Amino acid sequence: MSVNLIESKSFRIIFTAFLAFLGGYAFDSLGIYLPWMLGPLFVVMIAKVKLRKYLYWSKTFRSTGLVILGLQLGSSFTKQSLNEMIEYLPVMLFTTIAIISFTVLTGWFIGKRMNLSLGTSMLGSFPGGLSQMVVLSEEMKDSDETVVGFMQTLRVILVISIVPWIVTHVMSVEPGAVMAVTERPFFLFEYDGKLAIMMLLTLLMFIFITKRANFPLPFLLGPLMAAALFNLAGPGAPQIPDFWLNLSQLLIGAHLGYTLKVDNPRLFRKMFGAVFVSNVLLIGFCYYLSIQFAPTLSLQANELFLSMAPGGVAEMAVTAMSVHVDLSVVTSFHLFRILFILFFLSPIIKWLAGRNHGKQEQGQS
C-alpha cells in the first residue's frame with residue numbers, strides 16, 4: 001500500500017470509521033451503556049494519541065448524525081409535551097440559574113487556583129456544549145481556547161460516563177412509569193414518499209433559518225423543529241429505525257473522540273484534579289436538585305436528572321432514548337440552558353472579560 005494512499009483523506013476517513021465501528025461493536029458486545037456513542041468516542045480518542053496522522057473525521061459526519069437525532073427528538077414533541085414545557089418553564093429558569101451559579105463558583109475557584117483569566121475559567125466551566133464554548137472562547141481576547149477545550153472535554157467524558165450509569169443503576173424507576181416503547185423497524189423507514197419529500201424540504205428550510213439566525217446546533221434544531229411541526233400541525237413525523245439511530249450515535253461519538261483535546265499531557269496533569277472534582281460536584285448537585293424537584297413536578301427522578309445533567313443535548317437525548325423517558329422534557333431543559341448561556345450569559349462574560357483586559361492594558365501603560 002503506497003504512502004500517498006495511506007495519507008489520503010479518503011483512507012483516513014475509512015480507517016477512522018472502521019475504528020469507530022470496532023469500538024461500538026466491542027462496547028455493544030460487552031453490554032456497556034450507550035455502546036454506539038461511547039465505543040467510537042473512546043477508541044478514536046485513544047487511537048488519536050499514536051495514530052493521529054492516519055485519522056480524519058469531517059464535521060459533515062457529525063452534522064449528519066445530528067440531523068438523524070434531531071428528527072427523532074422532534075418526533076417526540078406532541079401537544080401534550082408542548083403544554084408540559086410551558087408548565088415547566090419556571091423550573092427550567094430556576095434550575096438553570098442554580099446550576100450556572102454553581103459552575104460560576106467552581107469556575108472562579110479553578111481560575112484562582114490555576115491562575116486562569118476570567119473568560120477561560122468561566123467558559124471552561126459552563127455546561128453549555130463543548131463546541132459552543134470553544135467557539136465563544138476563540139472570540140474573546142483574554143481566553144485560551146486550548147484550556148477551555150480541555151476543561152469542556154473532561155466534563156463531557158465524565159458526564160457521558162457517570163450520568164448514564166447513575167440513571168440505570170442508582171435511580172430506581174417506578175413500575176409503569178417508563179414510557180411505552182414503540183416498535184421500530186431496524187433499517188427501512190415506514191413513511192409515505194410524498195410526506196418524506198415535504199419533510200426533507202421543511203427540514204432544509206429550518207436548518208437554513210437556524211443557521212442564518214446563529215442558533216446553537218442548527219443541524220439538530222432544524223430537523224427537531226421540522227419533525228415537531230409535522231407532529232403538532234401535520235400528518236405526524238416518521239419514527240427513525242434503530243440502524244439509523246445507532247449510526248447517528250457512531251457519527252457523533254467518533255466526532256467527539258476525534259475533536260476532544262487529550263494530547264497535552266502537561267496541561268492534563270496540571271488541571272486534571274481540580275477540573276475532575278468540580279465536575280463530579282456539579283453532577284452531584286444536579287442529582288440532588290433532581291431528587292428534590294421530581295416529586296413536586298410529578299416527574300421521574302431519572303428524567304429530571306437527565307434534563308439537568310451538565311452534558312450536551314445530543315448526548316443526554318441519546319441516553320434518554322435508551323431509558324425510554326420523555327424526550328421532549330429532557331431536550332427542552334437542555335435547549336433552554338444552552339440558549340440562556342449563549343444569549344444572556346455569554347455577552348455578560350464577554351463584557352466583563354473585555355473590561356478586565358482594558359484595565360490590565362491601562363495598568364501596563
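Can you tell me how many residues in the range 111-128 are buried (at least 21 other Cβ atoms within 10 Å of the Cβ) and within 19 Å of Phe268 (Cβ to Cβ)? Outline the logic, then answer.
Narrowing the range 111-128 to residues buried (at least 21 other Cβ atoms within 10 Å of the Cβ): 116, 119-128.
Okay, now just the ones that are also within 19 Å of Phe268 (Cβ to Cβ), so 116, 120-121, 123-125.
Adding up the residues that qualify gives 6.
When the range 304-332 is examined, which residues are found to be at pLDDT 75 or above, part of a helix (DSSP H, G or I) and open to solvent by 10 Å² or more (accessible area, probe 1.4 Å)? Please lay out each step first, then the result.
We begin by selecting, within the range 304-332, every residue at pLDDT 75 or above; these are 304-311, 316-332.
Going one step further and asking which of them are part of a helix (DSSP H, G or I), we end up with 304-308, 316-323, 327-332.
Met321, Ser322, Val323, Leu327 - these are the residues of the range 304-332 that are at pLDDT 75 or above, part of a helix (DSSP H, G or I) and open to solvent by 10 Å² or more (accessible area, probe 1.4 Å).
Here is a yes/no grid of residues against (1) under 30 Å from Ala233 (Cα atoms); (2) touching a residue at least 12 places away in the same chain (Cβ under 8 Å); (3) open to solvent by 40 Å² or more (accessible area, probe 1.4 Å):
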site: Arg62; (1), (2), (3): yes, yes, yes
site: Ile68; (1), (2), (3): yes, yes, no
site: Lys79; (1), (2), (3): yes, yes, yes
site: Ile100; (1), (2), (3): no, yes, no
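Which condition does Lys211 not pass, out of (1) within 18 Å of Ser328 (Cα to Cα); (2) modelled with pLDDT of 75 or more, if it passes all the others?
(1)
Out of everything in the range 14-49 that is outside any helix (DSSP H, G or I) and in contact with a Phe, Trp or Tyr (Cβ under 9 Å, 6 or more places away or on another chain), what residue ends up being surrounded by the fewest Cβ atoms within 10 Å (Cβ to Cβ)?
The first filter runs over the range 14-49 and keeps only residues outside any helix (DSSP H, G or I), leaving 30-34.
Remaining after also requiring in contact with a Phe, Trp or Tyr (Cβ under 9 Å, 6 or more places away or on another chain): 33-34.
On the way: Tyr33: 18, Leu34: 21.
In this case the residue turns out to be Tyr33.
Look at Ser290 and say whether it is at pLDDT 85 or above, farther than 27 Å from Val148 by Cα and open to solvent by less than 30 Å² (accessible area, probe 1.4 Å). Walk me through how you get there before you give the answer.
Numbers: at pLDDT 85 or above: yes; farther than 27 Å from Val148 by Cα: yes; open to solvent by less than 30 Å² (accessible area, probe 1.4 Å): yes.
Considered against the rule, which asks whether it is at pLDDT 85 or above, farther than 27 Å from Val148 by Cα and open to solvent by less than 30 Å² (accessible area, probe 1.4 Å), Ser290 comes out as yes.
Please tell me if Ile348 is more than 19 Å from Phe126 (Cβ to Cβ), at pLDDT 75 or above and either open to solvent by 20 Å² or more (accessible area, probe 1.4 Å) or part of a helix (DSSP H, G or I) (or both). Explain how you work it out, then say what you get.
Details: more than 19 Å from Phe126 (Cβ to Cβ): no; at pLDDT 75 or above: yes; either open to solvent by 20 Å² or more (accessible area, probe 1.4 Å) or part of a helix (DSSP H, G or I) (or both): yes.
No, not satisfied.
The values are calculated or read from the model by the stated rules, or taken from the named source; none is laboratory data. If you're wondering where the values come from, they're calculated on a predicted model, not measured in any experiment. Neighbour counts are summed over all protein chains in view; Cβ atoms, including those assigned to glycine, are modelled from backbone coordinates with ideal geometry. Remember, those area values only see protein heavy atoms, side chains included, never the ligands or the DNA or RNA. Shrake-Rupley method; radii C 1.70, N 1.55, O 1.52, S 1.80 Å.
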